[in-house]
Amino acid sequence: MFRQVHHMGIVVDDLERARKVLGEGWGLRVNEDRTPGADGALDATMQAQVLEFPLGEGFVRVFRPNGPDSPMGRFLAQRPGGGAHHVSLVSDTPEYDVTRLMAAGVRLWLPPTKSDWDGKSPVYFDPATTAGVIVQLWPDDGYDVSPQYHGEGVFTKLHHCGVAMRSVADARQLWVDMVGCPVDMRRSPLPEGRPVGADYDPDRPASDPVQILDMPVGQTEIEVSVPRDMRSGTGKFVERFAGQGAAIHHICPYAPDPERAVAYLNARGLQQIGVLPPARPGAPRVSWYHPKSVLGVLMEIWHDVPFDS
């Protein structure tokens, strides 16, 4: 079964820009054991150069396509400047999980058939069978990141991968019934999850009422947001990018000290949306950053959720 989020994959047109945003901006470090050198490592499947930035037990992996006809080159043509491409899940039982998902109607994408797979390498599932979200299975390789690549401690883990979907029912079918992620029933009880935000108000900035499903996978989670009003920011995102039902919406690292994180990001030129709210007992503190300053990906920072309790 899947036991953790291995990484979020982001496509960029410039690896140096990725180094600046994630290295200088977030305080992360390139994992030079696996992605050494200025151009990182070659991902032969995606025909792209990749840099890997450790973040807790997972990673942020950025890919620069090596040509316009590569899988990520075609993605970049549709999303100039780049954006979130896929989410990768670690499997302890890859053969079982591939077989289970294929029995549920999920097809392989890369490699195209199970007979082309060696049983040990990562595989991508066809997004046409996963509501448009590209999901990768990463067989557990037991890799342990050297302490020298742990970064500055501004962010200590990937708190969640944010996915926007058209309906809660579709979210349950994909992530619970097919992928097998458990729902945190304390925070987002079924059947409808937890409501966030009041009714949509066009005169109130960031008025974005959604229903949320929280699905822990290791120390990270898949967080699905379903817009309650299609005029909202999430609603407009779904209309634009979730033609098959879903799309990766944002990336959210965990900040042990949110004031430090906001000051760190702002001092390095990342564009904050709104302000960090004041601390309230028992309430999370979140802040948002514009995708134009974060490699084409909307960014949320998060603090003080009883995620592991």
Inset, instruction - Select from the range 40-53 the residues that are within 26 Å of GLY269 (Cα to Cα) and either without any contact (Cβ under 8 Å) to a residue 60 or more places away in the chain or surrounded by fewer than 22 Cβ atoms within 10 Å (Cβ to Cβ) (or both) and list them in ascending order. - result: GLY40, GLN49, VAL50, LEU51, GLU52
Legend entry - Selected residue (only one of GLY105, GLY142, GLY153 is closer than 30 Å to ARG29 by Cα and modelled with pLDDT of 95 or more): GLY153
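Filtering the range 22-39 down to residues that are more than 14 Å from GLU152 (Cα to Cα) and modelled with pLDDT of 95 or more, which residue is surrounded by the most Cβ atoms within 10 Å (Cβ to Cβ)?
Applying the first criterion (more than 14 Å from GLU152 (Cα to Cα)) to the range 22-39 yields 32-39.
Checking which are modelled with pLDDT of 95 or more leaves us with 32-36, 39.
Numbers: GLU32: 15, ASP33: 14, ARG34: 17, THR35: 21, PRO36: 12, ASP39: 14.
Out of the qualifying residues, it is THR35.
Taking the options THR113, THR99, THR93, name whichever one is polar (S, T, N, Q), on the phi < 0 side of the Ramachandran plot and touching a residue at least 24 places away in the same chain (Cβ under 8 Å).
THR93
Just need a number here: residues in the range 145-171 that are of a type outside the set (A, V, I, L, M, F, W, C) and either buried (at least 24 other Cβ atoms within 10 Å of the Cβ) or in contact with a strand residue (DSSP E or B) (Cβ under 8 Å, 6 or more places away or on another chain) (or both).
If we filter the range 145-171 for residues that are of a type outside the set (A, V, I, L, M, F, W, C), which is where we start, we get 146-153, 156-157, 159-160, 162, 166-167, 170.
Checking the rest, the ones that are also either buried (at least 24 other Cβ atoms within 10 Å of the Cβ) or in contact with a strand residue (DSSP E or B) (Cβ under 8 Å, 6 or more places away or on another chain) (or both) come to 149-151, 156-157, 159-160, 162, 166-167, 170.
The number of residues fulfilling the criteria is 11.
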Legend entry - Extreme residue, nearest to ILE301 (Cα to Cα), among residues of the range 261-290 that are touching a helix residue (DSSP H, G or I) at 6+ places or on another chain (Cβ under 8 Å) and basic (Lys, Arg): ARG285
Inset, instruction - Looking for whichever is within 22 Å of the chain's Cα centre (by Cα) and at positive phi here; the options are GLY243, GLY193. Which one fits? - result: GLY193
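With the structure loaded, tell me whether VAL62 is farther than 27 Å from THR156 by Cβ, surrounded by 20 or more Cβ atoms within 10 Å (Cβ to Cβ), among the β-branched types (Val, Ile, Thr) and not assigned by TED's automatic domain parsing to the domain that holds GLN173 or whether it fails that test.
No; evaluated as a whole, the condition is false for this residue.
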Legend entry - Residue count for the range 161-171, restricted to those that are under 18 Å from the mean Cα position of the chain (by Cα) and farther than 13 Å from LEU89 by Cβ: 5
Legend entry - Hits in the range 174-208 (condition: in contact (Cβ under 8 Å) with a residue 24 or more places away in the chain, closer than 23 Å to SER232 by Cα and among the small types (Gly, Ala, Ser)): SER188, GLY193, GLY197, ALA206, SER207
Inset, instruction - For the range 258-287, name all the residues that are in contact (Cβ under 8 Å) with a residue 40 or more places away in the chain and under 21 Å from GLY151 (Cβ atoms). - result: PRO258, ARG260, ALA261, TYR264, LEU265, ARG268, GLY269, LEU270
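Yes or no, residue by residue, for (1) of a type in the set (A, V, I, L, M, F, W, C); (2) assigned by TED's automatic domain parsing to the domain that holds ASP199; (3) buried (at least 20 other Cβ atoms within 10 Å of the Cβ):
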| site | (1), (2), (3) |
| --- | --- |
| PHE241 | yes, yes, no |
| GLN244 | no, yes, no |
| ILE248 | yes, yes, yes |
| ILE251 | yes, yes, yes |
| ALA267 | yes, yes, no |
| ILE273 | yes, yes, no |
| PRO278 | no, yes, no |
| VAL297 | yes, yes, yes |
Inset, instruction - Look at ARG74 and say whether it is basic (Lys, Arg), within 26 Å of ARG29 (Cβ to Cβ) and either buried (at least 19 other Cβ atoms within 10 Å of the Cβ) or in the same structural domain as GLY25 (by TED's automatic domain parsing) (or both). - result: no
Inset, instruction - Scan the range 126-134 and give yes if some residue there is in contact (Cβ under 8 Å) with a residue 40 or more places away in the chain, among the hydroxyl-bearing types (Ser, Thr, Tyr) and more than 18 Å from ILE222 (Cα to Cα), otherwise no. - result: no
Legend entry - Selection status of GLU57, under 22 Å from VAL133 (Cβ atoms) and acidic (Asp, Glu): yes
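Can you find even one residue in the range 9-22 that is assigned to a strand (DSSP E or B), closer than 23 Å to TYR124 by Cβ and without any contact (Cβ under 8 Å) to a residue 40 or more places away in the chain? Let's see the steps before the verdict.
Applying the first criterion (assigned to a strand (DSSP E or B)) to the range 9-22 yields 9-11.
Add one more test, that the residue is closer than 23 Å to TYR124 by Cβ, and what stays is 9-11.
Filter again for without any contact (Cβ under 8 Å) to a residue 40 or more places away in the chain, leaving none.
No, the range 9-22 has no match at all.
The values are calculated or read from the model by the stated rules, or taken from the named source; none is laboratory data. Keep in mind that this is a model prediction, so the values were computed, not measured. Positions of Cβ are backbone-derived with ideal geometry, glycine not excepted, and every protein chain shown enters the neighbour counts.
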